Each structure stands twice: as C-alpha cells, then as structure tokens.
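The values are calculated or read from the model by the stated rules, or taken from the named source; none is laboratory data. Computed from a predicted model, the values in this text were never measured in an experiment. Virtual Cβ from ideal backbone geometry, glycine too; neighbours counted across all protein chains shown.
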Amino acid sequence: LTLSVVVVDANKAWLPVPGNLQQEAIMTWHRTVQTGAPLDELTKAVNSIQSEIDRRETLDWLLDEFFAAPNGGVAIELQNLIWQAWSYHSSIQMSQSFQAG
C-alpha cells in the first residue's frame, strides 16, 4: 500500500520575490510513503528505541501505518505499538511511570 500525506503548515511564510517585495504564502509539503510493513518488523522497531530521535522516527512510521491500516485488527495492534513508542523516555523511571499510568 502507498499512503500519500499532505502537510500544510498552518503558519504563513513570507517568500522573497523579485524587486525586494515579499509575498505571503502557505507552505505545503507532499510526501509518499510505502506502507504495509509486517507487525513483527514494527514491534522490533519499537523495542529497539534508544533515543528521542528513534522514538520520533518510529512514531512517524507507526502513524503512517495506522492511517493506512487495512482493518480494525491491525489498527488496534498499531495503536498498542504507538502507545508503547510514545511512552519511551530516556529515563527508565519516567518510561515506567508513563507505562504504569
């Protein structure tokens, strides 16, 4: 499956135009991602998170997979992985506190 994601920046940007004038514009980015990764591969990625960068990259991947989930069962599994990745913290005590609620 391929998921197309369009991100529109809610903040307006000022872009330079010829003649030292500026033009207001809303920035839009497009990206296409491949989805359909096996759940065991996603679980392995979540279990190997060791930094905030790993956590963010893994959450991006999981959310892409979640929005393209083929059925409710897969979506529930992905939801659990998202919560697990979200609760990661470099401090083991903080991470355990998030997981405990």
Tell me, which residue of segment 64-88 that is free of Cβ contacts under 8 Å to residues at least 12 places away in the same chain and part of a helix (DSSP H, G or I) is nearest to G36 (Cα to Cα)? A75
Selection within segment 32-49 - surrounded by 10 or more Cβ atoms within 10 Å (Cβ to Cβ) and within 15 Å of S90 (Cβ to Cβ): I49
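From the list A85, A13, which residue is among the small types (G, A, S) and either under 15 Å from the mean Cα position of the chain (by Cα) or at pLDDT 60 or above (or both)?
Among A85, A13, only A85 is among the small types (G, A, S) and either under 15 Å from the mean Cα position of the chain (by Cα) or at pLDDT 60 or above (or both).
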For segment 64-81, indicate whether the set of residues that are modelled with pLDDT under 95 and charged (D, E, K, R) is non-empty. yes
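Filtering segment 50-70 down to residues that are among the aliphatic types (A, V, I, L, M) and surrounded by 11 or more Cβ atoms within 10 Å (Cβ to Cβ), which residue is farthest from L81 (Cα to Cα)? Explain how you work it out, then say what you get.
Going residue by residue through segment 50-70, those that are among the aliphatic types (A, V, I, L, M) are 53, 59, 62-63, 68-69.
Adding the requirement that they be surrounded by 11 or more Cβ atoms within 10 Å (Cβ to Cβ) leaves 59, 62-63, 68-69.
Values: L59: 9, L62: 8, L63: 10, A68: 15, A69: 13 Å.
Checking each candidate, the answer is A68.
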